[in-house]
Amino acid sequence: MSDLVDLVNHRIGIAESTNSGPFVFLCWPESASPTSIAWESTKDLPAKLLALLAEPMDSGAAAVLTGPELADFSAWITALPR
């Protein structure tokens, strides 16, 4: 949970899944480096949104959070018990 709090507070740029299911990222577009699997899907996105990427990564962002949705998501993540 702390990695999601760090993500919405811009202390880290990418949070990734750790289970055996499909590989999933939540990331700020500017955080993906050109050598990252996330870069191709985020390189043309505005910096002020949070992108959800899921396998297959070549299909682009599965969802983006911006504006009020991003604010609501950030508030929800930071309010969750730790």
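The values are calculated or read from the model by the stated rules, or taken from the named source; none is laboratory data. All values reported here derive from a predicted model rather than from experimental measurement. Using ideal geometry, Cβ is built from the backbone for each residue, glycine included, and neighbour counts are taken over all protein chains shown.
General observations
- The residues of the stretch 61-76 that are out of contact with any strand residue (DSSP E or B) (no Cβ under 8 Å at 6 or more places or on another chain) and either at positive phi or surrounded by fewer than 16 Cβ atoms within 10 Å (Cβ to Cβ) (or both), listed by number, are Gly67, Pro68, Glu69, Ala71, Asp72, Ala75, Trp76.
- Residue that is in contact (Cβ under 8 Å) with a residue 60 or more places away in the chain and of a type in the set (Gly, Ala, Ser), where the choices are Ser59, Ser31, Ser74: Ser74
One line per residue, one yes/no per condition, for (1) at pLDDT below 85; (2) over 30 Å from Arg82 (Cα atoms); (3) surrounded by 19 or more Cβ atoms within 10 Å (Cβ to Cβ):
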| site | (1), (2), (3) |
| --- | --- |
| Leu4 | no, no, no |
| Ser20 | yes, no, no |
| Pro29 | no, no, yes |
| Thr35 | no, yes, no |
| Lys43 | no, yes, no |
| Leu53 | no, no, yes |
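- Verdict on Ala15 being over 10 Å from the mean Cα position of the chain (by Cα) and closer than 20 Å to Thr66 by Cβ: no
- Of all residues in the stretch 55-82, exactly one satisfies the criterion of being within 18 Å of Asp3 (Cβ to Cβ) and modelled with pLDDT under 85, namely Arg82.
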